[in-house]
Amino acid sequence: MMDWLSDNAGLTGLLFFFSVFCGIAFWAFRPSQRQVIENHRFIPLEGDEA
């Protein structure tokens, strides 16, 4: 088992992190979050009017 894991560590890591990325992207952009994203999209452009 350890030999297989060490031989295929690059591919295993790639698949793991790609699946984590896809999961986070799906969670962040799911349809129920649309209103939250719309409310937050202009935050960087808002400045303190001091």
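Being exposed (fewer than 10 other Cβ atoms within 10 Å of the Cβ) and either on the phi > 0 side of the Ramachandran plot or part of a helix (DSSP H, G or I) (or both): is that true of residue 5 here? Spelling it out, residue 5 is indeed exposed (fewer than 10 other Cβ atoms within 10 Å of the Cβ) and either on the phi > 0 side of the Ramachandran plot or part of a helix (DSSP H, G or I) (or both).
For residue 26, which of the numbered conditions (1) among the hydrophobic types (A, V, I, L, M, F, W, C); (2) surrounded by 10 or more Cβ atoms within 10 Å (Cβ to Cβ); (3) under 14 Å from the mean Cα position of the chain (by Cα) fails to hold? Every listed condition holds for residue 26 apart from (2). Scanning the range 31-48 for residues that are surrounded by 10 or more Cβ atoms within 10 Å (Cβ to Cβ) and either touching a residue at least 60 places away in the same chain (Cβ under 8 Å) or not aliphatic (A, V, I, L, M) (or both) turns up 33, 34, 40.
Any read-out appearing in this document is the output of simple, stated calculations on the displayed coordinates, not a laboratory observation. Since we're looking at a predicted model, the values are computed, not measured. In this analysis, Cβ positions are derived from the backbone assuming ideal geometry, glycine residues included, and neighbour counts consider all displayed protein chains.
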